[in-house]
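*Asks:* First the structure, which I've put down as structure tokens, then a few questions once you've had a look.
The values are calculated or read from the model by the stated rules, or taken from the named source; none is laboratory data. Small disclaimer: the values here were computed from a predicted structure and weren't measured. Here the Cβ is made from the backbone with ideal geometry for all residues, glycine too, and neighbour counts use every protein chain on show.
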Amino acid sequence: MEEYKRSTPQFSLCGLNCGLCPRYQTQGESKCPGCGGPDFHRKHPSCAVITCSKKHGSVKYCFECSSYPCERYRHAGNVDSFITYRNVITDFEKAKTDGVEPYMTDLQEKIEILEVLISTYNDGRRKGYYCTAVNLLSLPDLREIMNEIQEKIAPQDITPKEKIEKIVRLIEARAKASNIELKLRK
């Protein structure tokens with residue numbers, strides 16, 4: 001595939017929040033640059049959605065296509081890959097209704113929250129969990145979680161492992177209250 005570039009690689013053409021994906025948050029050889037990011041064509045030599053977009057006027061997001069919602073979105077699967085697909089339709093609706101710029105502002109805040117969780121409260125096994133949680137939980141819930149971490153958990157004189165356990169319990173409680181399962185669908 002020829003080089004495909006986008007100004008917003010964190011929010012993909014197909015609606016994934018690439019900036020919240022473990023592969024985007026990885027350092028090293030397996031790091032994904034996000035949809036249309038630097039060297040995307042080398043990491044993803046073929047993409048059916050990009051090909052489809054070119055056939056439909058090279059839209060920036062599938063929701064801008066005259067055929068949206070097409071078969072891909074009307075019959076979205078119940079399987080995730082590195083990142084969950086559960087919010088694609090609702091995220092597209094937010095971007096379509098509120099505008100892409102406000103959506104990107106919120107997504108950037110979520111990315112920053114995720115980066116704090118990964119860099120400060122990761123025991124080497126939590127990156128995927130944090131990616132899924134930040135992707136699925138609402139921004140107001142995430143703000144409250146981060147405030148509680150900063151005010152109540154971070155200052156405690158306990159081990160990093162104990163802090164991580166408290167944070168996971170906090171995230172799980174918020175997800176349960178919102179009826180959200182924090183697991184990728186296999």
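Matching residues to (1) within 23 Å of Leu136 (Cβ to Cβ); (2) of a type in the set (Asp, Glu); (3) out of contact with any Gly (no Cβ under 8 Å at 6 or more places or on another chain):
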{"site": "Lys5", "(1), (2), (3)": "no, no, no"}
{"site": "Phe11", "(1), (2), (3)": "yes, no, no"}
{"site": "Asn17", "(1), (2), (3)": "yes, no, yes"}
{"site": "Cys47", "(1), (2), (3)": "no, no, yes"}
{"site": "Ser53", "(1), (2), (3)": "no, no, yes"}
{"site": "Glu64", "(1), (2), (3)": "no, yes, yes"}
{"site": "Ile83", "(1), (2), (3)": "yes, no, yes"}
{"site": "Met104", "(1), (2), (3)": "yes, no, yes"}
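*Asks:* Let me ask you something else. Output the residue which, of all residues in the range 165-186 that are within 25 Å of Asn78 (Cα to Cα) and among the β-branched types (Val, Ile, Thr), is surrounded by the most Cβ atoms within 10 Å (Cβ to Cβ).
*Replies:* Within the range 165-186, the subset within 25 Å of Asn78 (Cα to Cα) is 168, 171-186.
Right, trim to among the β-branched types (Val, Ile, Thr) and you get 168, 171, 180.
Working: Val168: 17, Ile171: 24, Ile180: 18.
Here the residue is Ile171.
*Asks:* Also: Inside the range 144-164, can you point out the residues that are assigned to a helix (DSSP H, G or I) and either at pLDDT below 95 or surrounded by fewer than 14 Cβ atoms within 10 Å (Cβ to Cβ) (or both)?
*Replies:* Within the range 144-164, Asn147, Gln150, Glu151, Lys152, Pro160, Lys161, Glu162 qualify.
*Asks:* In the range 45-74, what residues are more than 14 Å from Cys14 (Cα to Cα) and either of a type outside the set (Gly, Ala, Ser) or touching a strand residue (DSSP E or B) at 6+ places or on another chain (Cβ under 7 Å) (or both)?
*Replies:* Across the range 45-74, the qualifying residues are Pro45, Lys55.
This table checks each residue for (1) out of contact with any Ser or Thr (no Cβ under 8 Å at 6 or more places or on another chain); (2) closer than 20 Å to Asp98 by Cβ; (3) part of a loop (DSSP other than H, G, I, E, B); (4) in contact (Cβ under 8 Å) with a residue 12 or more places away in the chain.
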| residue | (1), (2), (3), (4) |
| --- | --- |
| Tyr24 | yes, no, yes, yes |
| Pro33 | yes, no, yes, yes |
| His41 | yes, no, no, yes |
| Pro45 | yes, no, yes, yes |
| Ile50 | yes, no, no, yes |
| Lys60 | no, yes, yes, yes |
| Pro69 | yes, yes, yes, yes |
| Tyr73 | yes, yes, no, yes |
| Val79 | yes, no, yes, yes |
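*Asks:* Of the residues Tyr85, Tyr68, which single one is out of contact with any helix residue (DSSP H, G or I) (no Cβ under 8 Å at 6 or more places or on another chain), more than 19 Å from Thr105 (Cβ to Cβ) and not polar (S, T, N, Q)?
*Replies:* So the residue among Tyr85, Tyr68 that is out of contact with any helix residue (DSSP H, G or I) (no Cβ under 8 Å at 6 or more places or on another chain), more than 19 Å from Thr105 (Cβ to Cβ) and not polar (S, T, N, Q) is Tyr85.
*Asks:* So which residues in the range 81-125 are part of a loop (DSSP other than H, G, I, E, B), farther than 30 Å from Gln156 by Cβ and either acidic (Asp, Glu) or out of contact with any Cys (no Cβ under 7 Å at 6 or more places or on another chain) (or both), if there are any at all? Even if it seems obvious, please write down each step before you answer.
*Replies:* Quick first cut of the range 81-125, residues part of a loop (DSSP other than H, G, I, E, B) only: 81-87, 99, 121-125.
With farther than 30 Å from Gln156 by Cβ added as a condition, the list becomes 81-87, 99.
The answer is Ser81, Thr84, Tyr85, Arg86, Asn87, Gly99.
*Asks:* Do we find a residue being free of Cβ contacts under 8 Å to residues at least 12 places away in the same chain, within 15 Å of the chain's Cα centre (by Cα) and surrounded by fewer than 15 Cβ atoms within 10 Å (Cβ to Cβ) anywhere in the range 89-101?
*Replies:* Looking through the range 89-101, at least one residue is free of Cβ contacts under 8 Å to residues at least 12 places away in the same chain, within 15 Å of the chain's Cα centre (by Cα) and surrounded by fewer than 15 Cβ atoms within 10 Å (Cβ to Cβ).
*Asks:* Has the range 24-39 got at least one residue that is within 15 Å of the chain's Cα centre (by Cα) and surrounded by fewer than 16 Cβ atoms within 10 Å (Cβ to Cβ)?
*Replies:* yes
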